[in-house]
Amino acid sequence: MNMGGDFDSAFRLDQIADKLLAMLGKGPDVVWAVERESLISRLVLAAEKQELRVRHPETLLPEVFNDWPQPSSFALVCTVADVNAWLESGGVPYRLDAHKHVEALSQSKACETVAERNARWLIDFDREKLKCAKGAQARAVSAIAEAENINKHTVKRGIQLAEMLRKHELTGTAIAAPKNSAANAFGLIGGTGKTYP
């Protein structure tokens with residue numbers, strides 16, 4: 001869906017953090033990763049306090065960050081105008097340019113953890129479900145696997161793990177872990193046994 005205008009300059013909070021860091025001349029390293037996490041936390045806090053306007057990823061209608069369960073809330077986007085209004089209200093002397101520092105978006109993938117990657121894939125799956133629930137997982141898995149040149153099974157399993165974690169966070173239920181045995185020393189083969197919170 002391409003709506004033109006602001007839609008082309010709408011980004012997730014992690015992408016906004018990457019663009020701001022790139023604009024300030026920061027590159028991916030250990031310090032950058034710490035600064036990135038700190039900046040993402042500040043963006044999330046501003047969104048929770050409704051100081052930074054967040055929008056629905058498909059329609060760009062304003063949303064309330066706290067109304068979306070984690071990690072789906074990270075699918076919400078901000079326009080460059082939203083970010084610049086937030087920067088101005090905080091007295092920050094610089095503004096974000098939508099068309100510069102695009103390379104920062106690819107750098108964020110290099111520094112993300114497996115859990116962050118899975119959550120990002122879950123967001124893509126959630127977007128597919130908004131379009132049409134039937135076949136959404138297959139469409140999302142195929143699109144992600146092709147775009148990131150990753151095995152479809154890896155993508156599907158990542159989405160399923162992120163869904164289990166989201167369900168655990170929302171309901172507080174324990175997550176079933178595979179049972180360890182002599183034949184399955186590391187708990188990698190089917191079956192469930194112990195649970196962990």
Original post:
What does the highest-first list of 159-169, 83-93 look like by mean Cβ count within 10 Å?
Top reply: 159-169, 83-93
Subject >> Calculated SAXS-style log₁₀ I(q)/I(0) at q = 0.28, 0.29 Å⁻¹ - the range 113-174, Debye, Cα scatterers >> reply: -1.19, -1.23
Original post:
Among SER38, SER142, which comes first, then next, by fewest other beta-carbon atoms within 10 Å?
Top reply: SER38, SER142
Original post:
Which links in LYS129/LYS152; LYS129/LYS167; LYS19/LYS156; LYS19/LYS167 stretch past 20 Å when you go from one Cα to the other?
Top reply: LYS19/LYS156; LYS19/LYS167
**OP:** Taking a cut-off of 20 Å between Cα atoms, list the aspartates and glutamates near LYS49, but don't count ones fewer than 8 places away on the same chain.
**Re:** ASP14, GLU37, GLU63, ASP67, ASP82, GLU88
Subject >> Selection from ALA136, THR154, GLY172, by position along the positive dipole direction of the range 113-174 (Cβ) >> reply: ALA136
Subject >> Other-chain or far-sequence residues with amide H under 5 Å of GLU63's (modelled H) >> reply: VAL54, ARG55, HIS56
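Rule-based calculations on the coordinates, nothing more; no lab input. Because the structure is predicted, anything quoted here is derived from the model rather than measured. With ideal geometry, Cβ positions are generated from the backbone for all residues, glycine too; neighbour counts draw on all protein chains shown.
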